[in-house]
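Where a number appears in this text, it was derived from the coordinates with a stated rule and is not lab data. Everything numeric in this text was worked out from a predicted model, so none of it was measured. Note: ideal-geometry Cβ built from the backbone for every residue, glycine included; neighbour counts use all protein chains shown.
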Amino acid sequence: MENVLRPLIVIGGAVLLTLVIGWATDLLLRKANQRHHETPLWGLLRRGRIPYQLVLCAALLRGSYDQAQLLDRHEETAGRTLTLVLIGAAAWLVIRIAAAIVETSYSRYARAHRDPARVRRVRTQVTLIMRVVSAVVGVVAVATMLLTFPAFRAAGASLLASAGILGIVAGVAAQSTLANMFAGLQIAFGDMVRIGDTVVVDGEWGTVEEITLTFLTVRTWDERRITMPVSYFTSKPFENWSRGTPQMTGIVYWHLDHAAPLDAMREKLRDILRECPAWDGRAYGLDVTDTTPNTMQVRALVTAKDADDIWTVRVTVRERMIRWLSEEHPYALPRVNTADAVLLRARSNGGPSRDGGGPARDGDGPSRDGTGPRRAYEPPSTGR
């Protein structure tokens with residue numbers, strides 16, 4: 001009977017004590033979060049309650065397992081399993097705590113600074129720092145787990161002795177990966193591109209959605225995702241519309257007839273912009289930038305506070321100006337000049353005409369105005 005009750009008491013007591021401590025800790029964090037609304041730290045720490053309870057349960061079971069006298073023949077295996085669970089849960093808990101601290105620091109910085117560019121830069125750096133911390137903690141946890149096995153401890157000396165050679169070989173084999181990793185660190189701390197920046201890469205316009213140590217994701221205007229290696233942004237030129245101030249200047253082109261009313265178009269452009277909420281009121285203008293034998297190119301210049309608004313202003317101006325011209329000044333739209341076609345007749349005697357009306361002779365048929373015979377077309381004399 002004792003062989004049954006003792007394991008139940010030890011294991012059940014460890015689980016019950018874990019649940020009680022976990023509930024009490026979560027209750028304290030919840031009350032702290034209600035009292036301090038200005039910081040999200042306590043609410044973020046509650047995300048670590050699962051790894052926290054795993055650490056407590058594994059630690060209690062590992063410390064009291066010898067007293068349970070359960071599975072004596074597998075005591076070493078069970079003890080090592082509990083140790084591995086304890087190490088993994090501890091690493092998980094450390095990552096959650098670090099994430100809560102970093103996220104709280106970023107939230108305070110974002111509230112204290114109103115500059116969107118600086119906030120995006122810090123957000124990019126914080127994201128990459130958390131990835132590095134997670135990777136380091138994971139590697140240390142895995143290494144600690146491996147060291148619990150005697151065979152790996154014995155091989156540790158030889159692994160350290162050959163670490164230099166292995167490092168050289170790994171560096172040569174993974175030079176592209178290492179280049180991307182260093183490029184990711186350069187992007188994070190060199191302030192080249194940040195999460196939320198509007199960029200143009202390979203002719204695609206989009207917003208930087210995610211930055212890691214090896215790749216960068218751009219979300220295009222039509223909700224596609226373009227994944228590119230971060231080394232692209234350190235080796236090739238690209239457009240970053242969010243550098244400096246987000247204000248932008250946009251251009252709208254029309255090809256119109258030479259008789260288009262330019263002064264009336266300038267007044268209409270002013271009226272359109274005044275009715276457009278996306279226009280920031282900084283500047284506007286309308287000029288003729290080029291001409292062709294049939295049309296002239298008219299350019300309107302408009303401004304807006306960011307890339308999204310400049311797109312709205314451009315499409316609004318283009319649409320409403322074309323509609324106004326078609327309704328009020330239709331002669332200003334491009335036209336194609338045409339002329340009546342002239343039927344040509346063959347010059348050879350007895351040959352069929354081009355319109356299939358029988359043999360053609362000079363002087364046959366009425367003239368175009370009906371006053372005389374129609375003559376076959378002859379090219380003008382060149383004087384030779």
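Give me the number: length gained by fully extending Arg335 to Ser64, i.e. 0.36 nm times residue separation minus the C-alpha to C-alpha distance, one decimal in nm.
88.2 nm
Counting only the backbone N, which residues of the range 30-60 are under 15 Å from the spot 7 Å out from the Cα of Arg111 toward its beta-carbon?
33-44
Which whole-Hz ³J(HN,Hα) couplings does the range 82-93 yield from phi under the Karplus relation 6.51 cos²θ - 1.76 cosθ + 1.60, θ = phi - 60°, glycine and proline marked x?
Once θ is set to phi - 60°, the couplings for the range 82-93 become 5, 5, 5, 5, 5, 5, x, 5, 5, 4, 4, 5 Hz.
For a Förster distance of 41 Å, can you work out the FRET efficiency between the beta-carbons of Thr39 and Asp287, rounded to the nearest 0.05?
0.15
To the nearest 0.05, what FRET efficiency results for Ala264 and Lys305 with a Förster distance of 41 Å applied to their C-beta separation?
0.90
Output the direction-averaged projected area (hull surface divided by four) of the convex hull of the alpha-carbon atoms of the range 227-300, in nm².
8.2 nm²
Lys305: which lysines have alpha carbons under 26 Å from its alpha carbon, excluding same-chain residues fewer than 8 sequence positions away?
Within the straight-line cut-off, Lys305 pairs with Lys268.
If I take every Cα pair under 8 Å that is 6 or more residues apart in the range 183-262, average their sequence separation and divide by the length, what percent do I get for the relative contact order?
It comes to 26 percent, rounded to a whole number.
So what is the relative contact order for the range 248-332, in percent, with contacts set as C-alpha pairs under 8 Å and at least six apart?
42 percent
Along the range 237-251, what does the Karplus equation 6.51 cos²θ - 1.76 cosθ + 1.60 (θ = phi - 60°) give for ³J(HN,Hα), rounded to whole Hz, x for Gly and Pro?
Once rounded to whole Hz, the list reads x, 8, 8, 10, 6, 9, 5, x, 8, x, 5, 9, 10, x, 10.
Could you work out how far apart the two model spin labels at Ala98 and Thr249 are, taking each label as a point 7 Å from the Cα in the direction of the beta carbon, and quote it in nm?
4.7 nm
Among Cys276, Cys57, what is the fewest-to-most ranking by other Cβ atoms within 10 Å?
Ordered by Cβ neighbours within 10 Å, fewest first: Cys276, Cys57.
What is the fewest-to-most order of Tyr284, Tyr253, Tyr52 by other Cβ atoms lying within 10 Å of their Cβ?
Tyr253, Tyr284, Tyr52
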